[in-house]
Amino acid sequence: MQINVNGTQHEVDVDEEMPLLWVLRDELNITGPKFGCGIAMCGACTVHINGQPARSCSMPVGQVSGLITTIEGLGTPDAMHEVQAAWVEHQVAQCGYCQPGQIMSAAALLQMNPNPDDEAIDHAMSANLCRCGTYPRIRAAIKAAAQNIREKSA
Amino acid sequence: MSTLGKITRRTFVIGSTAITGGVLFGVYKYKQPYPNPLEKNLAQGETALTPYVLINANGVTIIAPRAEMGQGVKTTLAALVAEELDIDVQNVRIEHGVPSNAYYNAAVLEEGVPFPPQDTSSTAQMARDFMHVPAKFFGVQVTGGSSSTVDAFEKMRMAGATAREALLLAASAKLNVAKNTLSTDNGEVISKDGQRIAYTELASLAASVELPDDVKLKPKSEWKQLGRPIPRVDMVEKCTGTATFGIDVLQKDMLYATIKVNPHLGAKCHAFDTNNAANMKGVKAILPLADVGAAVVATNTWYAFKAAEKIDFDWAKTQYAQSTDELFESAIAAFNEEHQDSQNRDDGDVDAVIGAAGDATIHREYRAPLLAHATMEPMNATAIMKDGQLDVWVGTQMPTYALSEAARVSGIEAQNIRIHTTYLGGGFGRRLEMDFIVYAVMVAKQLEGTPVKVTWSREEDMTHDSYRPFAVARFEGVTQGKNITALDVKVSSPSVMESQMGRLGVSLPGPDSTIVQALWDQAYTIENYRVTGYRVPMGIPVSSWRSVGASQNGFFNESMIDELAIEANADPIEMRLSLITHQPTRNVLEAVANMANWGSDVAENHGLGVALVTSFGVPVAEIVEVVNTPRGIKILNVYVAADVGLAIDSRNIEAQLISAVNFGLAGAMMGEITLLDGKVQQTNFHNYDAIRMHQAPVIHTKILENGERIRGIGEPGTPPAAPALANAIFAATGLRMREMPFNKHIQFV
């Protein structure tokens, strides 16, 4: 079957039931999305499908239709997305393992809501677990990124 | 603070040479420096100036030989070297390096001495220095015990200074000018007439100079990088998905595996039947894991997971407690002389005062459950065995043990094994264990020539941890007026050290100080004061969980002090201050009171609770503010004041405090591992959750530097969080939490 990841078309020969996460990680060597729980409870595997956040560990690849974006497609070290830049500015990451998922959830939130209040951030981000407890800096970085995006598009 | 004394190029890696005696293992063994591991593998034109600095034509590499598990140690350790070497830490390569006894951690055992951390007398200090001897002897390269910065502060700066001195001497010889006419600036030596020579050009010459014995460190006033926020060197890669964790390691033609091990922890696997699994899609092999379980090797981790579910196992049972009730019964049963492990404090005459008080004595009992580490990255390791060589890629907190375990399991000699230490997707003590390394090597050994990545499912990770021990504490307290006149503390739990060292094949020679950690060694002076630890016989494996014994004992002790204050109608902060003379500890308590406006009016349904715990030598005071809503308790604010002695990077320290508070709150609110039929019942984040964004409070931090010496901050923020929350809940609701997790008794929103 064919899937499109970060603008590149890939042919993959796997069981249709295989979760998208494992196609990305073990078939395509795209390791930014992380395995954390396998049951959509931690959000470390979050990617975008047509711009919407999705828990790739629980999404059978056969049911995926649309463009897949992973953390690698959101921005690169030399050309970071506003959310990633805000994350660096606020020094959010500690162990860093959950952060690709956190960043993908935050980027999707800002796409839908350019000026989220605390409640909107709680709502959008509570599916993403961080055992290092970086939540205060995540919240600050989301607000900073939102402001930067608004200023750029103004 | 201890000094390194006379430093020579040959000996500086061994830490303090000021120690005389070395009675434990002999001076000679102790004084022999470990060889520099970098000298074995030098390429043409490379120079290893110390075990921490490698220079070649391409640039400067600093070895930061501690596990980067989120605490920022890669940046901090490299900055210590870079400061003295005089090069911007952002301009160097930083590597973890190979496992080596040269990178042993001298500080990790320091607080195992029978002196409380407030005691900085020469006797106490000498005892701590003596603990460097066994640390050196075992050569343990370990990341834990909030000790990395403590251990590295002098020796890694000295490594940078030594390397800089060698480069200056080399430039002096090259230019034929006196050394004292030369200076350095960000990676270059500068001569009086303005000529600049890059360190990279001087490296090979520097290797041959004879170093003086009196390399000096910069005074703090001349620091350019330390003492202010340093951008973390791992930040960009961790925010762009380009950081390599163990689970991200890629090797050519690699296969993917998972394991299933007996859920009765420590018991054997009698047999397993692969009939329903062997022919499943993607499966390449199903292999035994010694006598404890099996591994499925496949073309994709998910195929391995699916097939592992289809293997029928015949598991043996364990002989120890089979249920949570039995665990706590075993803790209660250990409150007797036979199981007494330590009595590090016995001041005054506790029995007489309690006897005289009779019915006025306040009796309380508290409980803490088993807890899983639940790192975000499940356990994993990648290994390949080929042509008598073994390579292992793994995120580990103990690379030297990883090396010896890999050698033991594979039968390959250590010199033919390479351990590649990756980033750790969380550690919290879990990655001090060897199980995930051992199983990967077992698989690689049976599939010679093929690289295999072995990833545990979350379910396997959660049910096969070594857990934070369960514990029961019993207190008897007597108050008079607003004073505590007697306090008798008894705590019963299995021994982390016995369990952990036992798995490494070492027996614990004496009492386990972690059973009474944060009980006997607090800053309180009480006239009649006794602390007794009781050791529950070994059963389910237990291990270090961020802040170790302090994680449960801080809750017990600070809840009891709060109860006594309330019984005595005293202000909880004033009562604590009346018991403390140690000035830095008083300061953190006073600071946190100011931050939270303690003593001013509290809004209706709101409650403030305070706690003060010293662990790993760091006094930390926290005040939690909660509001009791119709739907449950909401944690609004946490105020934290901590004294680290000397702050190298306040922004990173703040991050560690925030992290530690959330870790402690999560455990207190909802963390619980239970046993049924000898197996752990929690399997994934749906039934073992942690704090999430909507529950995370605003955390206000203040860092003080009044302590006698530099301290590590990865753990000390955790212990006060639970009791401060319990005390705040009492203030808001009148309900006293005497058992963790609190959500057994009260709802959180």
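For the reader, a short list of remarks on this structure follows.
- Between the amide H of B:H420 and those of B:V392, B:W393, B:V394, distances stay under 5 Å, these residues lying 5 or more places away or on another chain, with hydrogens modeled in the peptide plane.
- Here the Gaussian network model covers chain A, with springs between Cα atoms less than 10 Å apart; of A:L28, A:L109, A:L74, A:L28 fluctuates the most.
- Average partner coverage of A:74-81, which counts Cβ from other chains inside 10 Å: 3
- Applying the criteria of a DSSP loop state and at most 12 other Cβ atoms within 10 Å to the GluC sites (Glu not before Pro) of the stretch A:1-92 yields A:E16, A:E17.
- Global form of the stretch A:2-74, assessed from the alpha-carbon gyration tensor, a/c cut-off 1.5: rounded
- Converting phi to 3J(HN,Hα) with the Karplus coefficients 6.51, -1.76 and 1.60 and the offset θ = phi - 60°, the stretch A:31-38 yields 9, x, x, 9, 8, x, 9, x Hz in sequence order, with x at every glycine or proline.
- Taking every C-alpha pair closer than 8 Å and separated by at least 6 residues, the mean separation divided by the residue count of the stretch B:377-458 gives a relative contact order of 45 percent.
- Highest mean packing comes first when the peptides B:289-295, B:712-718 are listed by Cβ atoms within 10 Å, giving B:712-718, B:289-295.
- Whole-Å semi-axes of chain A's equivalent ellipsoid (Cα gyration tensor): 26, 16, 14
- Here the contact order of the stretch A:53-154, divided by its residue count and restricted to Cα pairs under 8 Å and six or more residues apart, works out to 34 percent.
- Average Cα contact separation per residue, chain B, under 8 Å, 6 or more apart, as relative contact order %: 13
- When both bridge partners sit in chain B, DSSP labels roughly 75% of those beta bridges antiparallel.
- Checking every one of the GluC sites (Glu not before Pro) in the stretch B:547-608 against DSSP loop status and a limit of 13 other Cβ atoms within 10 Å picks out B:E604.
- DSSP-defined antiparallel bridges as percent of all bridges, the protein assembly as shown, nearest 5: 75
- Nonlocal amide H pairs with B:A381, under 5 Å, H built at 1.01 Å: B:V454
- Qualifying GluC sites (Glu not before Pro) for the stretch B:390-473 [loop in DSSP, other Cβ within 10 Å: at most 15]: B:E413, B:E448
- Chain B: C-alpha gyration tensor shape, a/c 1.5 cut-off, then a/b vs b/c: oblate
- Among A:H123, A:H48, A:H90: highest mean-square fluctuation, GNM of chain A, C-alpha pairs under 10 Å: A:H123
- Å³ per residue enclosed by the Cα convex hull of the stretch B:399-441: 67
- Helical contribution to [θ] at 222 nm, DSSP H n ≥ 4, -39,500 (n - 2.57), averaged over chain B, rounded to 500: -8500 deg cm²/dmol
Every number in this text was worked out from the coordinates using simple rules, so none of it is lab data. Small disclaimer: the values here were computed from a predicted structure and weren't measured. Neighbour counts are summed over all protein chains in view; Cβ atoms, including those assigned to glycine, are modelled from backbone coordinates with ideal geometry.
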